[in-house]
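Below: the structure, in structure tokens.
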Amino acid sequence: MPDLSDRHIFIIPVQDKFLLHAPLLKLSALVNRSAAGAMRAALANGAAAENADSRLQPLLDVLRQPPLPPPAPNGAEISPAFLGIVTTRACNSACVYCDFGAPGASGRAMDLQTAVAAVDWYARLLKQQEKELLEIHFFGGEPMTAPAVVETVVHRARLVAARERLTPYFEISTNGLCGPALLAFLGDYVNRVVLSFDGREDIQNLHRPLRGGRGSYPGVFAAAQYLSDSPAQLVIRCCVSQINVDIMEDTARWFCETFNPSLINFEIMQPVESAAAAGLYPPDPYEFAANFIKARRAAESFGIKTVYAADLSTEPVYTSCPVGSDTVIVSPDGRISSCYLLPEKWQEVGLDLDLGEMRGRREVSINPAAVQNIRDMVIHKPRCEKCFCRWNCAGGCHVGNTYPGCSPDYSDYCRQTRIISACSLLDELNLPEMADTLIDDREALPALACRESDRLMEWEV
């Protein structure tokens, strides 16, 4: 019988070749059909493996080694990846694909005492756990429509970090439409500014109009220019619909030439009613994957990295989002959760992602049972069990893609992730030309993207 580790050895068809991928053994290789079949037989037959082709012996020696333990959540006290602050759910924009409820959201901003209490609690926890990085991320709505919260958190965190000998780090997701004075604050005090910017004027104004239908392009363009010259790292997050998927390469090149960002992040548009009403839909997964690779190549020529959230990771992971990584996100109403989406989104798929609450605006109360329930949830993903991306994508969004009870069939998100991850493996093997050929082969892509099981031992030779 195959050893237990055989479940962690994957084989992925790439045109007339195969990618052998064993992430828990830190092994990847490109082999032909004959070699893949011989290795499968050798692993299945045990003693008969001595008769295997000697050229395969180095690979077989590695494949027979015990795998690394699968990545898993910390089983002890809560250990947040970072502290998230949702300053407000309100927004000064009217993006047609908004999935945060911002256009009709309450204008309530987080109470400053709540914000200070959250920072103080986090700093104390870091000291108790002998950690050094005090990392805080700001979310919304549009977080800069509540600037007092952002400024208070930044200055309080810098104060306690200096006192406790911690290193403060700040990241904010913003539309950049906050005016020169607040942009200057972000440039001077925030380490990384993730700017939502979907491309040239026609696309930006179509995707992300202001209230009343006015265009947001002039303000976002000015913000990107300013932040590009500031001490902060500028990350451009570009949302892709069926309208701009075919120009991703041109968009990446324009971003690099015009703003020189430290990073470009392409994300797919979510299928929400407001977007559909405007005639906007998520891109075809094959088109997105192919054009993402082309955009990545374009940005690489400028020395700029382009990322996709579920792409191949340097180390195996069990979650690719804040959920499950003990992240503590505090909302304006004092709710403490592991996800920055509106609670209604979790509840629609039967999830409870709350971790606790702020008591009396001054005390952080974490429920250990809730923490453990979320940890357990993220590592049980039936759809992902036989997929070679299970330890880099790890199911993607636990609310939108792999919630409990979701279909076992791959989603469009899964399909594009599988293509992008396979191309990344080819790049790691110094075979970018093969990846470039693959993305233009519309017969080979479905064979890769839709394969029910990638496990080597379940492969029918």
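All of the numbers you see were taken from the coordinates with simple rules; none came from a lab. Here the structure is a predicted model, which means the values were calculated and not measured. With ideal geometry, Cβ positions are generated from the backbone for all residues, glycine too; neighbour counts draw on all protein chains shown.
Per residue of the chain, what 222 nm ellipticity follows from adding -39500 (n - 2.57) for every DSSP H run with n ≥ 4, rounded to the nearest 500?
-11000 deg cm²/dmol, from helical runs alone.
For a quick protection proxy, order the peptides 425-438, 85-98 by their average other-Cβ count within 10 Å, most packed first.
The most tightly packed comes first, giving 85-98, 425-438.
Show which lysines lie in cross-link reach of LYS386 when reach means a straight Cα distance below 18 angstrom and same-chain residues fewer than eight apart are skipped.
Those lysines meeting the cut-off are LYS26.
Among ALA162, PRO143, PRO322, pick out the residue whose Cα is farthest towards the positive end of the charge dipole of the stretch 83-368, where Lys and Arg carry +1 and Asp and Glu carry -1 on C-beta, about the Cα centre.
ALA162
Charges at C-beta only: +1 for Lys and Arg, -1 for Asp and Glu. How large is the resulting dipole of the chain about its Cα centre, in Debye rounded to 20?
For this selection, approximately 940 debye.
Assuming R0 = 35 Å, can you tell me the calculated FRET efficiency for the pair ASN367 and ASP246, based on Cβ-Cβ distance, to the nearest 0.05?
For R0 = 35 Å, the calculated efficiency reads 0.15.
Taking 0.36 nm per intervening residue step and subtracting the Cα-Cα distance, what contour gain separates LYS127 from LEU68 on full extension?
On the way: separation 59, 0.36 × 59 = 21.24 nm, distance 3.00 nm.
Using 0.36 nm per residue and subtracting the Cα-Cα distance, I get 18.2 nm.
Relative contact order of the chain, please, whole-number percent, based on alpha carbon pairs below 8 angstrom and at least 6 residues apart.
17 percent
Once a ≥ b ≥ c are taken as the square roots of the eigenvalues of the Cα gyration tensor of the stretch 360-461, is the result rounded (a/c under 1.5), prolate (a/b larger than b/c) or oblate (a/b not larger than b/c)?
Verdict is prolate for the stretch 360-461.
What ranking, highest mean first, results for peptides 333-340, 125-132 when packing means the other Cβ atoms within 10 Å averaged over each residue?
Working: 333-340: 21.2, 125-132: 13.5.
Most protected by this proxy first, the peptides run 333-340, 125-132.
At a Cα cut-off below 16 Å, give the aspartates and glutamates reachable from LYS127, other chains included and same-chain residues fewer than 8 away excluded.
Reachable aspartates and glutamates: GLU77, GLU135, GLU164.
Sort out for me the Cα centre separation of the stretch 53-94 from the stretch 107-146, rounded to whole Å.
The stretch 53-94 and the stretch 107-146 have Cα centres spaced 24 Å from each other.
Got a sec? Charge dipole of the chain, +1 on Cβ for Lys and Arg, -1 for Asp and Glu; which of SER407, VAL86, MET358 is way out at the positive end?
It is MET358.
With just the Cα atoms defining each centre, how far is the stretch 4-27 from the stretch 354-431? Give it in Å.
If you average the Cα positions of each part, the centres end up 21 Å apart.
Taking Cα centroids, how far is the stretch 244-258 from the stretch 323-348 in Å?
33 Å
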